[in-house]
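Read-outs: derived from the displayed coordinates by stated rules, not from any lab. This one's a predicted model, so the numbers in the text were calculated from it and none came from an experiment. Neighbour counts run over all protein chains shown; Cβ positions are idealised from the backbone, glycine included.
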Amino acid sequence: MYSMSEIKAPEDCASLTEIRAEIDRIDREIVAAIGRRRGYVLAAAKFKTTSAAVAAPERVAAMIQTRREWAEQEGLNPSLIEKLYRELIAYFVREEAARWKAESV
């Protein structure tokens, strides 16, 4: 990863090339963070006792609400962040369910 001192602030970029490089760097960090998140999701499967626990709709609802609040704090559209997280969560629930099913057989 990069330290904050290595990252140029938007206002310090002198060209579109520099801006695009910083956007690419941030996107790479986002993808890496999603990959790390996947590891935790899959590890959670061993603590679940039923397939319903894998889906955990009450946990999803709480997560979505919190992510909406975080979006507002960052000046982002909460509905967009909710949409992104719902898609991400649905993907990870499918992966976790497959892991849970394989481990519980």
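Restricting attention to the chain, which trypsin sites (Lys or Arg not before Pro) occupy a DSSP loop and are surrounded by at most 15 other Cβ atoms within 10 Å? Present the calculation step by step, with values, prior to reporting the outcome.
Numbers: sites: LYS8, ARG20, ARG25, ARG28, ARG36, ARG37, ARG38, LYS46, LYS48, ARG59, ARG67, ARG68, LYS83, ARG86, ARG94, ARG99, LYS101; in loops: LYS8, LYS48.
Counting only loop positions with at most 15 other Cβ atoms within 10 Å, the trypsin sites (Lys or Arg not before Pro) in the chain are LYS8.
Taking +1 at the Cβ of each Lys and Arg and -1 at the Cβ of each Asp and Glu, which of GLN73, ALA9, ALA52 sits farthest along the dipole of the stretch 7-105 towards its positive end, judged by Cα position relative to the Cα centre?
Farthest towards the positive pole: ALA52.
So which GluC sites (Glu not before Pro) in the stretch 23-93 are both in a DSSP loop and have at most 10 other Cβ atoms within 10 Å of their Cβ?
Details: sites: GLU29, GLU58, GLU69, GLU72, GLU74, GLU82, GLU87; in loops: GLU74.
Passing sites in the stretch 23-93 are GLU74.
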